[in-house]
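First comes the structure, then the notes that go with it.
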């Protein structure tokens with residue numbers, strides 16, 4: 001405590017005295033506020049209420065803003081049908097097995113990598129809707145082949 005006051009109270013007292021000193025001084029560089037409306041009149045002596053509010057800004061722009069005429073609406077073009085990737089056409093068990101290239105010395109880690117990379121390229125959610133059935137078939141076959149190889153490794 002300073003002179004029987006808390007530190008907080010002494011800081012408040014000091015701020016009050018500084019504020020009173022600033023109010024007494026005339027500071028010319030401070031803008032206290034605008035006493036007059038910013039756009040009291042526009043050209044011709046008319047009040048802003050007589051015009052649209054954005055007209056006062058257009059007067060300062062010079063030439064009016066010219067908007068290009070709208071383009072004639074053409075018939076909406078139908079989107080081109082998606083093209084099926086070549087690998088989705090290979091849906092037989094032998095073709096998927098040849099793609100995976102699983103051998104007897106393939107490790108468990110390699111099998112998991114093959115499953116992830118195959119799913120990245122063939123997952124039904126990553127292909128167009130018309131080809132999801134082929135992608136599902138390929139993923140099912142690949143998962144079966146990889147699961148069989150994992151079972152053979154565990155024996």
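The values are calculated or read from the model by the stated rules, or taken from the named source; none is laboratory data. For clarity, every value in this text was computed on a predicted model and none was experimentally measured. Neighbour counts are summed over all protein chains in view; Cβ atoms, including those assigned to glycine, are modelled from backbone coordinates with ideal geometry.
Summary of values
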| quantity | calculated |
| --- | --- |
| Test: residue in segment 106-125 that is part of a loop (DSSP other than H, G, I, E, B) and over 38 Å from the mean Cα position of the chain (by Cα) | yes |
| Unmet criterion (only one of (1) in a loop (DSSP other than H, G, I, E, B); (2) outside the structural domain of residue 138 (by TED's automatic domain parsing); (3) modelled with pLDDT of 60 or more) for residue 45 | (3) |
| Condition broken by residue 88, with the remaining ones in (1) assigned to a loop (DSSP other than H, G, I, E, B); (2) touching a residue at least 40 places away in the same chain (Cβ under 8 Å) satisfied | (1) |
| Given (1) free of Cβ contacts under 8 Å to residues at least 40 places away in the same chain; (2) under 36 Å from the mean Cα position of the chain (by Cα); (3) surrounded by 11 or more Cβ atoms within 10 Å (Cβ to Cβ), index of the condition residue 95 fails | (2) |
| Filter result for residue 133 (part of a helix (DSSP H, G or I) and without any contact (Cβ under 8 Å) to a residue 60 or more places away in the chain) | yes |
